[in-house]
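This report refers to the structure that appears directly beneath it.
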Amino acid sequence: MPGPGHRSRSTRRARVRARRNGFGGRDRPTVRSALPTRSAPSMRDVLIPALRDALSGLGVEPPAEIHLEQPARREHGDFSSNVALATAKAAGRNPRELAQQLADVLAASPPRHVTAVEIAGPGFVNFRLEPGWLHDQVPAVLAAGVDHGRSTLGAGRKVLVEYVSANPTGPVHAGHARGATYGDALARLLAFSGHDVTEEFYVNDRGVQMQTFADSLAARKAGEEPPEGGYLGEYITEWAAEMPDGEDPLIWGEARALLDQQEVLADLGVVFDAWFSERAMVNSGAIDSTLADLRERGVAYDADGATWLRSTEFGDDKDRVLVKSDGEVTYLLPDIAYHRDKFARGFDLLINVWGADHHGYVPRMKAAIQSLGHDPSDLEVVITQLVRLERGGEEVKISKRSGDLITLRDLIGEVGPDAVRLTYLLQSVDSPQTVDLDLVVSQSNENPVFYVQMANARLNSIGRVAAERGMQRLPLEQADLSLLTHERELEVLRNLYVFPQVVELAARERAPHKVTTWVRELAGSVHGFYHDCPILHLDTPEPLRQARWWLAEAAAVGLRNGLGLLGVSAPERM
RNA sequence: GCCCCCGUAGCUCAGUGGAUAGAGCGGCGGACUUCUAAUCCGAUGGCCGCAGGUUCGAAUCCUGCCGGGGGCGCCA
């Protein structure tokens, strides 16, 4: 079923390779090197100092941070500041009067592009700008190309993002998809924002569930039912049939599961830098050395025949057992050893993406890394709330043990990786999410992935049709961008302008869904522009055509960059 | 009992302490001899769970309730 979301395997692989270069983007901009780098200083960098100077001139101590926003309502101007409101009280001034004085000072020698400074409401200072400030966005975006929005925010900080980390006892299922898409998008976002990012999958290949898995495989191979509490999934039977005689079901089974997981995650565009084996770590003696370290630091003690971590000293509810009285280690100790290893590898910041069912585990993990002498803020745990899957309004339950599961492979096969990714990245991971599989599958306008990709496809169609008609785009230098005054054109430009701010905020807040929201807004403005501002029509004057054409190019760069951060493809035609 | 997340339009969800709270979908009514109508436009649709508090200003911050989800082991 070659629907719009369908891509060949080789295309996906190419995309996976492309993002290895530090960005989720794919296509190179067509115009990049040919352009002069006319840098467009952000209006914020013009207006905020102007406000600060004006405030000082009026004898008011400017606050450390001056707020400047772009009001949602057009009649409130292009930029708006609340400084008068924020400082009036401390300065013993009336906010409206202070705002008026600020406006007078600023209007007397208006900053670049400013046509009017007005006061409104309780004391807002509103700036009205001539469209020229936005026109600089076209050459700026085109010059930046795939780097538009890239920043050095992270200052090269070494970050380890650990996510998915599903047990190697079966296929990854739909329940893992949220963590997978979130972790991957977060990693792209952080890399794009100047962090040195490594993505890792922790392979929990040790312990009772691993043995149960192996026993289940062995039983199926022998033509028997899995043991009590074993894995009942259909895949166990299939894999058992594949397993050659004489293989150790634990070793072979893990390899089989990992192969399956790596394959399907790669199909989703999720590729890890490292798969970290718990068993290998344990075999290397990390448990003993970690325990010795903890004892040395005086945070481990023996009581009731067990060994405990004094985690209450670091904010945990109760002390935790590290080694049980029967001599077995608990799950906590290997986890501590694992995080100790992460720090030993030189990472400055650890980000773990965990499901909501593990949130209670956060305080003790934080306590553990503190007990090893690290700052608790060096470990961030992002909890993704649970996803409720529905089919036509009916809840679909997933349980690996019972074998009642929707695999990620099935999901991708039904809707394609783009729809899966965009669907999961639509909203904050703080909110529980309801995904109706019927809706995701439907190739209708209920599915936002098509809306966004369609915007890009439409922009791309301009070049194709122009080529058929023999129409030419002249060099950017010859375009008169000041002709872009239509509200639809300005709306696209405004969206392009805020992209770097959106990326920064999304990175700071570990919130890739903010990029999704932005992409949808840009796509919306592109559709409006496309609808109302024809480029190739014969009654469009040539100079306006050229200006719009370049705007379309810049918008396409924006769409590709935004989608690239989300790992969603930007097909040129649909 | 304690801890975490959520509660915003019929549904799914956005919403950096700001002004008249937004989008998509669904429903209603319009727009294709033109670059993709998978689009666009319009009208409709809201005690932002409830009650206090902080603030010049609260969907947003604080407290307490109510409702939903998840978690509180010498399980993993």
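Can you give me the long-range amide H partners of residue A:116? Hydrogens built in the peptide plane at 1.01 Å from N, cutoff under 5 Å, separation of 5 or more residues or another chain.
Residues meeting the amide H criterion: A:128.
Could you give me the ³J(HN,Hα) list for segment A:240-249, computed from phi with Karplus coefficients 6.51, -1.76, 1.60 and θ = phi - 60°, whole Hz, x at Gly and Pro?
4, 5, 6, 5, x, 4, x, 7, 6, x
Taking the number of other C-beta atoms within 10 Å as the exposure measure, put A:390, A:65 in order starting with the fewest.
Numbers: A:390 14, A:65 9.
Least to most surrounded, the residues fall as A:65, A:390.
Could you order peptides A:485-498, A:98-111 by the average number of other Cβ atoms within 10 Å of their residues, highest first?
Details: A:485-498: 19.9, A:98-111: 17.6.
Highest to lowest by the protection proxy: A:485-498, A:98-111.
Specify the inter-centroid distance of segment A:302-331 and segment A:75-93, based on alpha-carbon positions, in whole Å.
Answer, in whole Å: 55.
Would you pull out the residues with amide H under 5 Å of residue A:355's amide H, same chain only if 5 or more places away, H placed 1.01 Å from N?
A:384
Using only DSSP helix segments of four residues or longer, with each worth -39500 (n - 2.57), what per-residue ellipticity at 222 nm results for chain A after dividing by its residue count and rounding to 500? Mind dumping the intermediate values first?
On the way: 21 runs with 269 residues, N = 574.
Calculated at 222 nm, the ellipticity per residue is -15000 deg cm²/dmol.
Which one, A:257, A:456, A:203, projects farthest toward the positive side of the charge dipole computed for chain A from Cβ point charges (K/R +1, D/E -1)?
The residue sitting farthest along the positive end of the dipole is A:456.
Could you sort the peptides A:417-426, A:310-319, A:508-517 by per-residue average Cβ neighbour count (10 Å cutoff), highest mean leading?
Values: A:417-426: 25.2, A:310-319: 15.5, A:508-517: 19.8.
So the peptides A:417-426, A:310-319, A:508-517, ranked by packing, come out A:417-426, A:508-517, A:310-319.
Mind putting a number on the dipole of chain A about its Cα centre? Charges go on the C-beta only, +1 for Lys and Arg and -1 for Asp and Glu, and I need it in Debye to the nearest 20.
Working: 63 positive and 79 negative charges, 381 e Å.
Result for chain A is approximately 1820 debye, rounded to the nearest 20.
On C-alpha positions alone, give me the angle between the axis of helix A:332-344 and the longest principal axis of chain A, in degrees, nearest 10.
Approximately 50 degrees, to the nearest 10.
Which one, A:102, A:86, A:338, projects farthest toward the positive side of the charge dipole computed for chain A from Cβ point charges (K/R +1, D/E -1)?
It is A:102.
What is the order of A:290, A:115, fewest Cβ neighbours within 10 Å to most? Spell out each step's value before the answer.
Details: A:290 25, A:115 14.
Fewest-to-most Cβ neighbours within 10 Å comes out as A:115, A:290.
So what are the ³J(HN,Hα) numbers for segment A:467-474, from phi and the Karplus equation (6.51, -1.76, 1.60; θ = phi - 60°), rounded to whole Hz, Gly and Pro as x?
Taking θ as phi minus 60°, the curve returns 5, 4, 8, x, 8, 10, 9, 7 Hz for segment A:467-474.
For residue A:157, which sequence-distant residues (separation of 5 or more, or a different chain) have an amide H within less than 5 Å of its own amide H, given hydrogens modelled in the peptide plane?
A:196
Order these by the 10 Å Cβ neighbour count, fewest first: A:210, A:574. Please list the in-between numbers first.
On the way: A:210 20, A:574 14.
Ranked by crowding around the Cβ, least crowded first: A:574, A:210.
How many angstrom lie between the C-alpha centres of segment A:417-491 and segment A:171-247?
Measuring centre to centre over Cα atoms gives 36 Å.
Relative to the longest principal axis of chain A, what angle (0 to 90°, nearest 10) does the C-alpha long axis of helix A:9-19 take?
70
Give a residue-ordered list of calculated ³J(HN,Hα) values for segment A:109-116 (Karplus: 6.51 cos²θ - 1.76 cosθ + 1.60, θ = phi - 60°; whole Hz; x for Gly, Pro).
Rounded to whole hertz, the list is 9, x, x, 3, 6, 7, 9, 7.
When DSSP beta bridges are limited to those with both residues in chain A, what percentage is antiparallel, rounded to the nearest 5? Mind dumping the intermediate values first?
Values: 24 of 47 bridges.
Around 50 percent of the beta bridges assigned by DSSP in chain A are antiparallel ones.
Each reported figure results from applying straightforward, stated rules to the coordinates on display, with no laboratory input. Fair warning: this is a prediction, and the values are worked out from it, not measured in the lab. Because the Cβ atoms are built from the backbone with ideal geometry, glycine has one as well, and the counts that use them run over all protein chains shown.
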